[in-house]
Amino acid sequence: MKNNLRQIIYDMRTQPVIAWVTIIGTTLSIFLIMTVVMMHQVYLIPFAPEIHRDRMLYGCFFHVTGLDDDNNSSAGLSYNRARQLYDGLEGVEEVSYMCKDLASYDAKGTSGEAFSTFVRRTDDAFWRIYEYPLLAGRYYTPEEISAGRRVAVVCEATARRLFNGEEAIGAHFLLNHNDFEVVGVVANASQLATMAFGEVFTPVIVDGSNDWDKNFGEICAALLVKEGVDFESVRSQVKVRYAEADTELAADRLKTVYHEAPFDQETASLSGLKGSNTTPDNKAEHILLAIIYAVLLLVPAINLSSMLHSRLRRRISDIGVRRAFGCTRRRIITDIIAENLIVTVIGGIIGLAAGVLFALFYDGIYTLDSGDSVRPALSMILNFRIIAIAFGACFILNILSAAIPAWQAARVNPVNAINAK
């Protein structure tokens, strides 16, 4: 390793342009790769409040079609239909029934200022699945939900805005002109927690009065699967529930259309909640990502390979001397690849740092469906998985760019190499 470092320093002194172009090219390649990776992984990596993303499944839609005609209906689930499909499944630790979409309501507290806020309607199980630390008060209870009480849990920023920093617990405020009592204050969350984010949380309506009919409504089931349980075992149980619903719907000359629900975190984030009458398929997304990664690795690798070839041409006599004194071809290849790996890692570290800073400070990298731009927290984009991907990309880029030049250098005739100028 020490000799490799000495050789790199020597190359940078004798061939500064080629050496710096190599480092800059690596930096740019890793920066672009990590930008794409972070844009994708931020919707998959667990962070508060969605700390169980790797164990979550979501069932948000119902689709029925007619037995005799072209009757075709699909939408969100009614409360009772959601419970029929997802209650009591084996291997599921908790199920929360909540409205699948955020609502934007006007809120007004003692501050006198009316403003728009994001409202999420949930049941009590929501608080056991998602990590929203209580800063004051409590969560609403099943009894309050059943009774239809107008209570609310608000995030810290909203509480401050409603009540000018005064005590929020027990205080009342207007939400779309309806009076609500604050029973709890929780920590703020990022909008990148797409399934759990909210600024005001109110009890979901469970008496069916907000459902459109017995099949359809606004409900989404969030399932926390037990550790080690296979998602397919849960889906197989849900498929049986769909068959039971078919028996019930046959009296209305209807049947269900099963779309492989419930969906995992990746499917829900990428395509699972985009439509209610299609079966989500991530293959197109995966193919597109694979093409992007291939281009971002292969194009720089070709250029970096040319740079390395130029560096080695100036060292051909040294390589010939080493071969004449018994150095094996394998040793020549491994030394060249090791030297190039060090340069690649240096460029990769700089590229990763640049990618993280870009994600933190450029507002347009994370744009939600609402059009709002969101800046992530550092913990969302700098973690073990992201770092592992960055160094994995460095290793692949190193092999792609160094393998052929190293192989060619190792096969040179020692006599010709020593006599080369």
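The table below gives the values:
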| read-out | value |
| --- | --- |
| Restricting the stretch 357-373 to residues that are in a helix (DSSP H, G or I) and either open to solvent by 60 Å² or more (accessible area, probe 1.4 Å) or touching a helix residue (DSSP H, G or I) at 6+ places or on another chain (Cβ under 6 Å) (or both), the residue that is modelled with the highest pLDDT | LEU357 |
| THR334 vs. criteria surrounded by 13 or more Cβ atoms within 10 Å (Cβ to Cβ), in a loop (DSSP other than H, G, I, E, B) and either among the polar types (S, T, N, Q) or on the phi > 0 side of the Ramachandran plot (or both) | no |
| Some residue of the stretch 88-101 being without any contact (Cβ under 8 Å) to a residue 60 or more places away in the chain, among the small types (Gly, Ala, Ser) and in contact with a Phe, Trp or Tyr (Cβ under 6 Å, 6 or more places away or on another chain) | no |
| Close pairs from the stretch 303-314: first more than 15 Å from TRP407 (Cα to Cα) and in contact (Cβ under 8 Å) with a residue 24 or more places away in the chain, partner polar (S, T, N, Q) and open to solvent by 50 Å² or more (accessible area, probe 1.4 Å), Cβ under 8 Å, at least 6 apart | ARG314/THR14 |
| Top-ranked residue in the stretch 34-44 [being among the aliphatic types (A, V, I, L, M) and open to solvent by 10 Å² or more (accessible area, probe 1.4 Å); ranked as farthest from the chain's Cα centre (by Cα)] | VAL36 |
| Tabulated pairs, the stretch 183-212, first over 14 Å from GLU131 (Cα atoms) and free of Cβ contacts under 8 Å to residues at least 60 places away in the same chain, second of a type in the set (S, T, N, Q) and surrounded by 21 or more Cβ atoms within 10 Å (Cβ to Cβ), C-beta under 6 angstrom, 6+ apart or interchain | none |
| Selection from the stretch 55-70 of residues that are modelled with pLDDT of 85 or more and either touching a helix residue (DSSP H, G or I) at 6+ places or on another chain (Cβ under 7 Å) or hydrophobic (A, V, I, L, M, F, W, C) (or both) | MET56, LEU57, TYR58, GLY59, CYS60, PHE61, PHE62, VAL64 |
| Positions within the stretch 48-100 being part of a helix (DSSP H, G or I) and open to solvent by less than 10 Å² (accessible area, probe 1.4 Å), in sequence order | ARG53, ARG81, ALA82, LEU85, TYR86 |
| Selected residue (only one of ARG120, ARG161, ARG149 is of a type in the set (D, E, K, R) and part of a helix (DSSP H, G or I)) | ARG161 |
| Number of the exception - LEU308 against (1) part of a helix (DSSP H, G or I); (2) modelled with pLDDT of 80 or more | (2) |
| Where a residue in the stretch 274-298 is outside any loop (DSSP other than H, G, I, E, B) and its partner, wherever it lies, is open to solvent by 60 Å² or more (accessible area, probe 1.4 Å) and at pLDDT 80 or above, with Cβ under 8 Å and at least six apart | LEU296/LEU32; LEU297/ILE396; LEU297/LEU400; LEU298/LEU400 |
| Every pair of residues 6+ apart whose Cβ atoms lie under 7 Å, when the first sits in the stretch 317-330 and is touching a residue at least 40 places away in the same chain (Cβ under 8 Å) while the second is assigned to a helix (DSSP H, G or I) and loosely packed, with under 13 Cβ neighbours inside 10 Å | none |
| Filter result (crowded, with 21+ Cβ neighbours inside 10 Å, among the aliphatic types (A, V, I, L, M) and farther than 18 Å from VAL204 by Cβ) within the stretch 168-184 | ALA168 |
| Any chance ALA107 is in contact with a strand residue (DSSP E or B) (Cβ under 7 Å, 6 or more places away or on another chain), at pLDDT 90 or above, open to solvent by less than 50 Å² (accessible area, probe 1.4 Å) and not in a strand (DSSP E or B) | no |
| Options THR122, THR117; residue that is in contact with a strand residue (DSSP E or B) (Cβ under 7 Å, 6 or more places away or on another chain), under 18 Å from PRO142 (Cβ atoms), polar (S, T, N, Q) and crowded, with 16+ Cβ neighbours inside 10 Å | THR122 |
| Some residue of the stretch 211-219 being in contact with a Gly (Cβ under 7 Å, 6 or more places away or on another chain), modelled with pLDDT under 90 and under 30 Å from LEU67 (Cα atoms) | yes |
| From the options LEU289, LEU254, residue that is open to solvent by less than 50 Å² (accessible area, probe 1.4 Å) and either at pLDDT below 85 or in contact with a Phe, Trp or Tyr (Cβ under 9 Å, 6 or more places away or on another chain) (or both) | LEU289 |
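The values are calculated or read from the model by the stated rules, or taken from the named source; none is laboratory data. Computed from a prediction, not measured in an experiment: that's the story for all the values here. Reconstructed Cβ throughout: ideal geometry from the backbone, glycine too, with neighbour counts over all protein chains shown. We work out accessible area using only protein heavy atoms, side chains counted, and drop any ligands, DNA or RNA first. Shrake-Rupley method; radii C 1.70, N 1.55, O 1.52, S 1.80 Å.
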